[in-house]
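Notes for the one structure printed next.
The values are calculated or read from the model by the stated rules, or taken from the named source; none is laboratory data. In this text the structure is predicted, and so the values were computed from the model without any measurement. Please note: Cβ atoms are built from the backbone with ideal geometry, for glycine as well, and neighbour counts cover all protein chains shown. These accessible areas exclude ligands, DNA and RNA; they are computed on the full protein's heavy atoms, side chains included. Shrake-Rupley method; radii C 1.70, N 1.55, O 1.52, S 1.80 Å.
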Amino acid sequence: METLFIADDEASIREGLKCIIDWEELGFSLCGEASNGKDALSQILALKPGLVLLDVKMPGMHGTEVIRLAREGGFEGKCIILSGYSDFQYAQEAMKSGVRFYLTKPIDEDELIQTVTQIREELAEERQHSSHFTQYKKKARSVVLRELLHAAPSEPLSAEDLSLFHLEADAYQVVICEDFHTSSPASPYTFAALLKVTNKDNNSFDHIQADERDVVLLKGSRALGKLNDFLERYEQGEPQAGSPLDAMFLSYGRPVHTVDEIHLSYEDTAALSARRFFCRSGQHTAGYETLPRPADTAKAQDSAAALSPESLTGFADRFADYIPAYNRRMIVETLQELELSLSQLSDGIREIRLFLIDLYLQTKEKIRHKYSSLALPFWGNSETIAYVNSRHYLYEILQFLSEQFEAVMNAMGNSSKDTILYDILFYIDHNYTNNIKLESIAPLFGYNSAYLGKLFTKSVGESFNSYVDHKRIEHSKQLLLENKLKVYEIAEQVGYKNVDYFHKKFRRYVGMSPAEFRKSQGLDGESEIYPPP
């Protein structure tokens, strides 16, 4: 339905024009009327009717002047000039303003119907053409914008093209809007409201769907400045629960200054969006400054080595040492080191998940092997795999590891039960079969080796090495009594790599050789001391 506006200084004529024909049947509805030229002009500019019936002589402003000023103000509708005079001068003035329809009073009903019918057909054709052009322009514009996101244009855009697609700006920056809690898109209009950016005729930003992402292209220094202001406000504190930003995650690329470089900013945002796995708890924004950019090949190689089997074993060995030592500080520091190492990787999130699963399982097996008599609350393999794969962020998995290690330490005992010496003795009692030394144990408990050696001797009544030897010899006596292993095999099992050294230590603490000890217990002492050549 098209809109109709009637302007005539005589109320009776206005009422007659409303009733002379069936306007609704012809496709028009009345949207307003005026009795003077000034009022008519202001309403025409405000209402933008499809058709205006305008008396040529009205108080305040001549009808032809009204239509001229209306055209200058952007009015594009049709107009029928009405006049009680057959003076062609009025028609000439009206035609200068694009008026093609001029009817004299009294109005002939058939002539009015014929004129209005023609105008309705012209309006319909123009609307259809305008709609097709708008749709074509919109479609062409979206294609151009997507192409600019993915690569520099093969041919430079002309000034006319930049104007047509509203791409004239001194700076550009790409932002991806996502829902903070899910992978669904967030509203770019909410984002624009947060920035307090007006967007008349898409001059401040464009909203584009690209690669299943909700993308906003900021245009102009003012829009980019608003983003910087917003980020500064965000850095001052986390968003309030339930606020628009609390439900939104934003990743922003580098600012660029030509349309040819827009794809560089989009590449940043796409990489950041893919790296949400590395965000910290409560983080709602990620910027191009945080992207890993290896300075040289050596750093890139170091980064790639983060997922190597050697790295995996190294971290598992350290956790297997720190947990029985109740060394929470070193556990925290090692988890932080692990997080930093993994966050430098440019991709491979699936491989990182597998690495962390293997790390937990290896640490579990190493500790269970040493402390097989203890009921330790490790998760099952399938349970661990399912949980790690369900986490969206690296910090969640590292928090899981921390909580699990804490639970195991609590099951082993309390590090504050007596003194730190209790924890050290507990550690030695379960690790003496390894090549443990005071120099390697001291850092696990936060001591330097010299101080710990003095503290140990004073508290236990013998030196660290003597205590370890006693534990090993006592264990070796049990194995000798079982009479299943050869002497050299027993030496290796209790932590002595050199059988002669074991033999010497055994005689020192027991007063006889291992073979003599077996004989003294009524067992066969003819066991091999040395491994076969």
**Q.** Considering only the chain, percent of DSSP beta bridges that pair antiparallel, nearest 5
**A.** 45 percent
Q | Whole-angstrom Cα spans of the chain along principal axes, big to small | A | 144, 47, 39
(Q) Starting from the Kirkwood Rh over alpha-carbon pairs, what translational D in µm² s⁻¹ does the stretch 1-59 have by Stokes-Einstein at 25 °C and 0.890 mPa s? (A) 214 µm²/s
Q: Return the distance in nm (one decimal) between the two label points of a simple spin-label model at residue 422 and residue 211, each offset 7 Å from Cα along Cα→Cβ.
A: 5.7 nm
Q | Label-point gap, in nm, between residue 109 and residue 463 - each point 7 angstrom along Cα→Cβ | A | 12.7 nm
Q: Determine the sum of side-chain charges near residue 262: Lys and Arg each +1, Asp and Glu each -1, restricted to other residues whose C-beta is under 12 angstrom from that of residue 262.
A: -3
Q.
Take residue 500 and residue 146, extend 7 Å from each Cα along the Cα→Cβ direction, and tell me the distance between the two endpoints in nm.
A. 7.9 nm
Q: Quick one: P(r) of the stretch 1-127 from all Cα-Cα pairs, 10 Å bins, percents rounded to integers, in order of increasing distance.
A: 13, 51, 34, 2
Q.
Run the helix sum for the chain: -39,500 (n - 2.57) per DSSP H stretch of 4+ residues, divided by residue count, reported at 222 nm to the nearest 500 deg cm²/dmol.
A. -17000 deg cm²/dmol
Q.
Calculate the FRET efficiency for residue 246 and residue 62 from the Cβ-Cβ distance with a Förster distance of 51 Å, rounded to the nearest 0.05.
A. 0.30
(Q) Above 14 Å lies some portion of the pair distances; for the stretch 355-419, what is it as a whole percent of all C-alpha pairs? (A) 60 percent
**Q.** Entries of 366/477; 18/38; 366/471 with Cα pairs more than 23 Å apart
**A.** 366/477
Q. Can you give the extra length, in nm with one decimal, that the chain gains between residue 20 and residue 340 once fully stretched, where that is 0.36 nm per residue apart less the Cα-Cα distance?
A. 106.9 nm
Q: Starting from the Kirkwood radius over alpha-carbon pairs of the stretch 321-379, derive D by Stokes-Einstein at 37 °C in a medium of 0.692 mPa s and give it in µm² s⁻¹.
A: 251 µm²/s
Q: Compute the acute angle (0 to 90°) between the alpha-carbon long axis of helix 420-431 and the principal axis of greatest extent of the alpha-carbon atoms of the chain; round to the nearest 10°.
A: 80 degrees
Q: For residue 219, go through the lysines and keep the ones whose alpha-carbon is under 23 Å away, minus same-chain ones fewer than eight residues off.
A: 137, 138, 139, 196, 200
Q. Which of the residue pairs 454/504; 458/519; 370/505; 364/505; 48/96 have a Cα-Cα distance greater than 31 Å in the structure shown?
A. 458/519; 364/505
Q. Just from the alpha-carbon atoms, what are the Rg and Dmax of the stretch 300-453 in angstroms?
A. 16.0, 47
Q | Per residue accessible area in Å² of the chain, where ligands, DNA and RNA are left out and the probe is 1.4 Å | A | 52 Å²
Q | Net charge over other residues, Cβ less than 13 angstrom from the Cβ of residue 511 (K, R count +1; D, E count -1) | A | +4
Q: Please report, as a whole percent, how much of the solvent-accessible surface of the chain comes from carbon and sulfur atoms (probe radius 1.4 Å).
A: 50 percent
Q: Straight distance only, please: which aspartates and glutamates reach the Cα of residue 484 with their own Cα at less than 19 Å, same-chain residues fewer than 8 apart left out?
A: 474, 492, 516, 524, 526, 528
